[in-house]
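Quick notes on the structure that follows.
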Amino acid sequence: GKLQCSAVDVKGPSSFISGKKFQLDDVLEAQQFDRDNLNAIFEVAREMERVEKKSPESQILKGYLMATLFYEPSTRTRLSFESAMKRLGGEVLTTENAREFSSAAKGETLEDTIRTVEGYSDIIVMRHFESGAAKRAALTAGIPVINAGDGPGQHPTQALLDMYTIQREIGRLDGINVGLVGDLANGRTVRSLAYLLARYKDVKIYFVSPDVVKMKDDIKDYLTSTGVEWKESTNLVEVASKCDVVYQTRIQRERFGERLDLYEAARGKYIVDKNILQAMQKHAVVLHPLPRLDEITVEVDDDPRAAYFRQAKNGLYIRMALLKLLLLGW
Amino acid sequence: GKLQCSAVDVKGPSSFISGKKFQLDDVLEAQQFDRDNLNAIFEVAREMERVEKKSPESQILKGYLMATLFYEPSTRTRLSFESAMKRLGGEVLTTENAREFSSAAKGETLEDTIRTVEGYSDIIVMRHFESGAAKRAALTAGIPVINAGDGPGQHPTQALLDMYTIQREIGRLDGINVGLVGDLANGRTVRSLAYLLARYKDVKIYFVSPDVVKMKDDIKDYLTSTGVEWKESTNLVEVASKCDVVYQTRIQRERFGERLDLYEAARGKYIVDKNILQAMQKHAVVLHPLPRLDEITVEVDDDPRAAYFRQAKNGLYIRMALLKLLLLGW
Amino acid sequence: GKLQCSAVDVKGPSSFISGKKFQLDDVLEAQQFDRDNLNAIFEVAREMERVEKKSPESQILKGYLMATLFYEPSTRTRLSFESAMKRLGGEVLTTENAREFSSAAKGETLEDTIRTVEGYSDIIVMRHFESGAAKRAALTAGIPVINAGDGPGQHPTQALLDMYTIQREIGRLDGINVGLVGDLANGRTVRSLAYLLARYKDVKIYFVSPDVVKMKDDIKDYLTSTGVEWKESTNLVEVASKCDVVYQTRIQRERFGERLDLYEAARGKYIVDKNILQAMQKHAVVLHPLPRLDEITVEVDDDPRAAYFRQAKNGLYIRMALLKLLLLGW
């Protein structure tokens with residue numbers, strides 16, 4: 001809704017505390033969240049793990065309608081949100097090809113579409129191909145908007161579930177060592193994650209990536225300015241041995257255009273396999289935002305430190321928590 | 001269902017009164033409705049505004065299943081119907097690409113498809129690319145069918161929500177002046193609306209449209225024969241100053257084929273902007289079936305007389321009313 | 001889930017009896033079922049006919065979530081499953097274009113997709129273009145998997161509803177004469193049906209098909225080895241006069257590639273029309289898996305022996321029964 005967007009402009013810590021309660025109007029970008037409200041959200045997510053288990057009884061969102069307005073398909077994200085809504089007793093209106101809805105097809109503005117859809121639903125989950133689209137939607141809508149990915153921009157619920165997973169698996173967020181591996185240039189996931197990690201104390205980040213997809217300077221500068229120690233490395237085994245979290249990502253073929261030779265070279269460079277597992281500490285975990293190709297070999301799956309499917313499941317709990325918070329409050 | 005179609009052939013006033021109660025079997029075309037049953041439907045729609053506000057409690061269609069059988073995409077209309085069903089506690093089976101279902105893909109007849117779908121649901125909402133398809137479906141189905149648009153044919157629920165909006169905004173339907181603006185040749189919306197306006201007394205209609213998309217003679221003749229006064233004009237300011245309702249429509253690019261020069265000329269001719277607002281009376285309203293491009297400028301949106309988003313919302317109430325009436329009766 | 005697949009390997013009669021109760025973990029292929037568990041399933045399906053009639057009250061699957069994971073579109077099958085789930089109070093997550101989900105689009109394995117989706121739902125209904133895909137899914141999933149068709153492989157719920165329909169219409173499954181007509185080479189339906197018919201005593205099967213699409217030897221050999229009498233015939237009238245069930249199928253144009261002349265010849269060869277009806281006994285029925293083109297003429301529809309739309313409806317009851325059995329047990 002409209003309130004959040006002005007709140008975003010403030011960008012102070014705990015920008016959505018109101019009185020003694022947090023107030024969450026929209027979920028638009030990772031920068032909205034500081035450690036206080038992250039912790040508060042994680043507590044609600046934890047509660048949701050219990051709610052899901054006895055889901056026939058959980059009906060706190062009964063009578064609420066969520067519209068999933070997807071301008072580009074992302075079945076995984078959509079299913080996760082729709083499952084979250086239904087696990088809480090809510091209902092869903094689905095559009096997976098919202099481009100046909102209006103904008104692209106007939107030239108309607110996003111704002112007009114939002115004004116119509118907000119008349120039919122209580123909350124909008126939007127995926128869009130343009131950066132900033134979720135913010136525009138939130139400025140127009142009188143109901144909450146959740147950004148489920150806006151092009152090269154943000155995918156804040158992914159960042160939240162990544163942080164929640166680290167806390168659940170490692171037990172803390174302060175003082176952790178994190179290896180970010182793979183496509184660090186294009187993956188909005190690792191960029192948002194770096195942002196949120198900077199909220200915590202004594203975090204150390206290692207970047208391990210092929211030269212063509214290295215982490216960009218804006219994030220490096222941001223980390224430096226907030227006092228986060230970071231280092232680039234080409235030695236995945238060494239990094240793995242030092243880290244609590246090895247966060248692997250997919251090299252995205254579509255970013256290489258015609259240069260398939262570069263893609264093939266980048267893709268095979270840093271693989272998480274049995275050797276990497278062997279180097280890793282016993283308590284450490286491997287994460288991945290999924291889908292994965294072969295940047296994590298299948299043999300890793302059976303190791304208890306392979307946490308990526310638990311991570312996907314945590315997406316459900318985080319989204320249940322956000323839906324509850326946006327529709328019912330704390 | 002089968003009954004309605006014979007009833008349609010009668011075409012007398014109050015054709016679906018049975019005993020002291022109206023009886024509504026299908027919704028197929030605007031001509032089904034006269035002022036008695038229009039008023040009765042509008043009363044139920046008004047009730048639905050109250051029901052929606054406390055929607056967690058409204059479960060009158062719990063256990064009922066609506067199938068949305070869309071042979072061409074129309075996300076806006078589909079969402080409106082699905083929201084209406086779910087706001088009343090009902091459930092939905094969705095097909096947005098029903099062309100693949102059978103007919104086009106494998107050659108099944110519409111009748112066979114309907115016979116299958118009626119086994120899975122309690123009511124069918126159908127969008128089709130062929131005029132008359134909804135009637136054929138109703139003749140086959142043993143359950144109610146709602147026409148959600150059949151090609152160049154009818155879109156009766158749009159006409160109903162237009163009339164409901166005029167009544168809600170202006171307070172009456174007799175004695176009103178209505179300006180129909182834009183593409184009057186191809187828009188089934190304005191054609192159906194003209195039909196329903198003719199049910200009321202002392203209505204005066206002004207047609208304002210580029211020459212290439214003028215209102216066709218059949219509607220003009222119909223209006224004349226039913227005693228409705230109408231006039232063509234090229235002066236939108238003057239018409240706007242006289243009217244209770246300025247009903248703007250989109251010039252449809254797809255109707256012009258290769259002649260984009262004609263489209264561009266037609267499109268810019270009659271725009272509702274601040275100047276038109278200034279000419280309009282204080283109690284008057286601007287309507288539009290949406291989506292709009294720039295035939296209503298964005299600056300108009302904030303004026304209280306801009307009623308088009310309220311009109312879209314009224315579509316929800318009208319569809320809730322129709323679903324209630326078709327499934328539960330009066 | 002994982003248990004069923006080992007059970008499938010056993011292939012003994014009543015392979016999913018556990019103690020005194022059947023235990024059904026997945027539905028993957030017709031060969032899973034013997035006469036004991038077929039009869040038991042049919043009893044539950046019969047119960048479902050009663051449940052559907054008072055469906056507002058039937059909420060035994062309330063709180064359960066079914067994911068329909070369709071890698072190729074099949075609206076009819078999807079709607080049937082989704083209706084079944086909703087008629088029992090359950091909820092549905094839909095994907096009709098699951099190819100985009102991952103595998104095809106980004107290269108994710110089916111196994112990874114399943115591991116994610118099982119985190120969001122309680123049961124998976126899967127349609128896939130590759131034979132064996134459902135089994136792979138079941139081996140991975142910790143929740144039940146239903147095969148809703150895997151390419152040229154199996155479509156076991158179709159076979160179950162065919163058998164259920166014969167029992168409901170004819171009153172028995174032992175000692176029946178069945179004519180299988182049309183495309184017997186490519187139709188997985190008739191192949192699965194032959195498998196299940198072989199579970200019963202004194203069944204006699206007549207194959208009536210154009211030369212280019214004759215029943216293949218593997219099924220003939222199987223029938224012979226299990227003591228089922230079968231015969232090929234080119235005289236549909238004679239076969240019709242002897243049979244309890246005339247099971248007509250569509251000649252699938254897509255199987256003929258460029259040879260449209262062969263298709264046209266095959267297609268017109270064996271038509272069920274008034275003449276065939278006249279030859280049939282009074283108690284006999286015509287079945288068809290649908291969609292039909294003109295291999296059954298429309299004039300047949302009104303005859304009480306035309307059972308194909310009742311057969312489609314039985315698909316709902318069989319799927320309700322399977323969902324109940326897989327999620328709640330017997």
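Within 10 Å of the Cβ of each residue in A:80-90, the mean number of Cβ atoms contributed by other protein chains is 4. Considering only GluC sites (Glu not before Pro) in DSSP loops that have at most 16 other Cβ atoms within 10 Å, the longest stretch of chain B without any of them is B:1-129. 3J(HN,Hα) along the range B:321-328, derived from phi through the Karplus expression 6.51 cos²θ - 1.76 cosθ + 1.60 where θ = phi - 60°, amounts to 4, 5, 4, 4, 5, 6, 8, 10 Hz, with x in place of Gly and Pro. For the pair the range C:145-188 / the range A:99-168, the C-alpha centres are spaced 46 Å from each other. Remark: chain A carries a charge dipole of roughly 680 debye about the Cα centre, counting +1 on each Lys and Arg Cβ and -1 on each Asp and Glu Cβ. Here is the P(r) of the range A:25-154: all C-alpha pair distances, binned every 5 Å from 0, give 2, 10, 18, 22, 21, 15, 8, 3, 1, 0 in whole percents. Distant-in-sequence amide contacts of A:Val285, defined by a placed amide H-H separation under 5 Å and a gap of 5 or more residues or a different chain, comprise A:Val245, A:Val246.
Take each residue in C:150-159, count the other chain C-beta atoms within 10 Å of its C-beta, and the mean is 0.
Which of the residue pairs A:Lys135/A:Lys324; A:Lys135/B:Lys282; B:Lys53/B:Lys313; A:Lys106/B:Lys62; B:Lys135/B:Lys324; C:Lys242/C:Lys274 have a Cα-Cα distance greater than 24 Å in the structure shown? Beyond 24 Å: A:Lys135/B:Lys282; A:Lys106/B:Lys62. Summarising the amide proton neighbourhood of A:Leu93: residues at separation of 5 or more, or on other chains, whose placed amide H is nearer than 5 Å comprise A:Met66, A:Ala67, A:Thr68. In chain B, taking the dipole from charged Cβ atoms about the Cα centre, the farthest positive-side position among B:Ala279, B:Met320, B:Val228 is held by B:Met320. DSSP assigns beta bridges within the protein assembly as shown; of those with both partners inside it, close to 5 percent run antiparallel.
Shown in residue order for the range B:131-146 are the 3J(HN,Hα) couplings computed by the Karplus curve 6.51 cos²θ - 1.76 cosθ + 1.60 at θ = phi - 60°: 4, x, 4, 5, 5, 4, 4, 5, 5, 8, 6, x, 10, x, 10, 10 Hz (x for Gly and Pro). Among the trypsin sites (Lys or Arg not before Pro) in the range B:250-330, those placed in a DSSP loop whose Cβ has at most 11 other Cβ atoms within 10 Å are B:Lys282.
Remark: the range B:95-252 carries a charge dipole of roughly 200 debye about the Cα centre, counting +1 on each Lys and Arg Cβ and -1 on each Asp and Glu Cβ. Between A:Pro289, A:Pro304, A:Pro210, the residue with the greatest mean-square fluctuation in the GNM of chain A (Cα pairs under 10 Å linked by springs) is A:Pro304.
Evaluating 6.51 cos²θ - 1.76 cosθ + 1.60 at θ = phi - 60° for every residue in the range B:239-246, the Karplus couplings come out as 4, 4, 6, 9, 9, 7, 10, 9 Hz, glycine and proline recorded as x. Residue by residue along A:284-295, Cβ atoms of other protein chains within 10 Å of the local Cβ number 3 on average. If you build a Gaussian network model of chain B, linking Cα atoms that sit under 10 Å apart, which residue out of B:Leu193, B:Leu293, B:Leu184 swings the most? Checking each option, the largest mean-square fluctuation is seen for B:Leu293. Take every DSSP beta bridge whose two residues both sit in chain A; close to 5 percent of them are antiparallel.
Taking B:Gln252, B:Gln158, B:Gln311 as the candidate residues, the one with maximal mean-square fluctuation in a Gaussian network model of chain B, Cα springs under 10 Å, is B:Gln252. Distances between placed amide hydrogens fall under 5 Å for C:Ile146 paired with C:Val27, C:Ile124, C:Val125, C:Met126, all partners being 5 or more residues away or on another chain.
FYI, it's all coordinate maths here, none of it is from the lab. Note that the structure is a prediction, hence the values are computed from the model and not measured. Neighbour counts are summed over all protein chains in view; Cβ atoms, including those assigned to glycine, are modelled from backbone coordinates with ideal geometry.
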